[in-house]
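Below is one structure, written out as structure tokens, with a few remarks after it.
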Amino acid sequence: MRRTPIVATIVVFTSALSMAVAFATPPTGDLKFQDYARAQLQESAAVPITAGSALVKGVYSIAPGGETGWRRLPGTMVLAVTKGKLMLQGGEGCAAKEYGTGKAAVVPAGVYDVHNPGDGPLQFFGIFFDQAPGGPKPLAEGPTEAAPSNCTGVKSAGVPAGVSLTSAAAGVFTSAFYNHAATLDIKAGQDMFATIYDAAPGWSSGWFAHRQAVNVMEAGELTYVEAKDGKCDESEVYRAGDSFYHPTHRHMAVNNGKDHMVITTMYFGLPHDDTPLPAVGNQLDAADFSQAPPADCPRLR
């Protein structure tokens with residue numbers, strides 16, 4: 001993870017929040033972040049959250065003319081293009097579809113080849129559901145397959161070439177808390193937004209509400225505070241190696257541990273926006289920090 005751009009943005013993030021939420025409980029402590037991608041979802045999907053399965057994320061680059069080879073994906077994948085053009089082939093009918101910068105493919109389980117048809121590099125952020133814990137990294141590791149029998153006139157050679165992967169991480173969904181019997185609702189036309197946070201010990205988000213999201217814990221531990229049964233509840237704790245789903249709701253996040261907490265969060269359901277946003281624009285579209293403490297949990301931090 002590159003630290004320089006994260007540090008550069010945190011000063012703006014803190015000051016912008018303090019100006020925007022005069023009557024709220026703004027974050028306290030040291031929080032750094034780096035945005036990975038924001039893209040418009042091109043397909044819809046209802047993705048079940050499966051306990052015991054891994055959620056994997058990574059930043060991919062494919063050289064001009066390069067490809068992943070034919071890869072079997074056991075669950076839904078979301079590929080958000082941040083640079084260049086992505087050609088996806090496979091699935092039902094083995095149709096080929098191109099996705100440009102700022103677009104995100106939502107793809108069901110199946111056998112696929114991802115190809116860079118352009119003259120420049122292709123870069124995209126990938127999210128992969130229902131992966132085997134400890135398994136090979138999707139689209140970059142493990143065995144390839146022959147082209148599906150229904151793929152006629154395939155232009156791809158099907159041989160991996162020019163693929164690189166950085167910032168890869170995975171976490172396993174537990175059956176506890178909001179993961180239980182949950183479904184991530186992905187709607188075409190809306191935006192998804194992926195970002196990574198690094199919070200120092202003692203950091204608190206203050207009370208905030210956010211859009212539905214899936215998360216991969218990469219380091220440390222994270223505690224959520226909510227108002228439940230007339231009191232403050234702090235039983236929801238995640239640690240490195242966990243993944244979890246959150247619906248849209250209000251709570252407070254705190255790093256009660258002794259180490260830095262690092263988490264990648266992938267928000268869904270943002271309004272589509274083609275215009276360049278200021279440094280904290282994506283963050284403020286994904287989360288509402290103007291929330292006051294609930295009456296049955298009046299703590300501020």
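The values are calculated or read from the model by the stated rules, or taken from the named source; none is laboratory data. Since we're looking at a predicted model, the values are computed, not measured. Note: ideal-geometry Cβ built from the backbone for every residue, glycine included; neighbour counts use all protein chains shown. What goes into the accessible areas is simple: the full protein's heavy atoms, side chains included, and nothing from ligands, DNA or RNA. Shrake-Rupley method; radii C 1.70, N 1.55, O 1.52, S 1.80 Å.
Backbone geometry of the stretch 180-191 corresponds, through the Karplus equation with coefficients 6.51, -1.76 and 1.60 at θ = phi - 60°, to 3J(HN,Hα) couplings of 5, 6, 8, 9, 7, 9, 9, 10, 4, x, 7, 9 Hz, x marking Gly and Pro.
Of the trypsin sites (Lys or Arg not before Pro) found in the stretch 177-232, none is in coil by DSSP with at most 10 other Cβ atoms within 10 Å of its Cβ. Can you classify the stretch 40-172 as rounded, prolate or oblate using the Cα gyration tensor, where a ≥ b ≥ c are the square roots of its eigenvalues, rounded means a/c under 1.5, and otherwise it's prolate if a/b beats b/c and oblate if not? Here the stretch 40-172 falls in the rounded category. Overall dimensions of the chain, expressed as equivalent-ellipsoid semi-axes from the Cα gyration tensor (√(5λ), whole Å, largest first), are 35, 20, 17. Normalised by 2.2 N^0.38 Å, where N is the number of residues, the alpha-carbon radius of gyration of the stretch 142-301 equals 1.28.
Label point of Ser235 set 7 angstrom out along Cα-Cβ; within the stretch 206-225, amide nitrogens under 16 Å from it belong to 223-225. Subtracting the Cα-Cα distance of Ala292 and Thr28 from their residue separation scaled by 0.36 nm leaves 93.5 nm.
One compactness figure for the stretch 159-239 is 1.40, namely its Cα radius of gyration divided by 2.2 N^0.38 Å. Build a GNM of the chain with springs between Cα atoms under 10 Å apart, and of Asp274, Asp35, Asp285 the one that fluctuates most is Asp274. For Thr144 and Ala109, the difference between the fully extended length at 0.36 nm per residue and the C-alpha to C-alpha distance is 11.1 nm. Using equal-weight Cα scatterers in the Debye expression, the normalised intensity of the stretch 47-112 in log10 at q = 0.25, 0.26 Å⁻¹ is -1.34, -1.41. Pairs exceeding 21 Å between alpha-carbon atoms, taken from Lys83/Lys103; Lys57/Lys228; Lys103/Lys187: Lys57/Lys228. As a fraction of the 1.4 Å probe accessible area of the chain, surface on carbon and sulfur atoms comes out at 54 percent.
Placing a label point 7 Å from the Cα of Ala63 along the Cα-to-Cβ direction, the residues of the stretch 165-199 whose backbone N falls under 20 Å from that point are 165-167.
Working from Cα pairs under 8 Å separated by at least six residues, relative contact order for the chain is 25 percent. Fully extending the segment from Ala200 to Val159, taken as 0.36 nm per residue of separation minus the present Cα-Cα distance, adds 10.4 nm.
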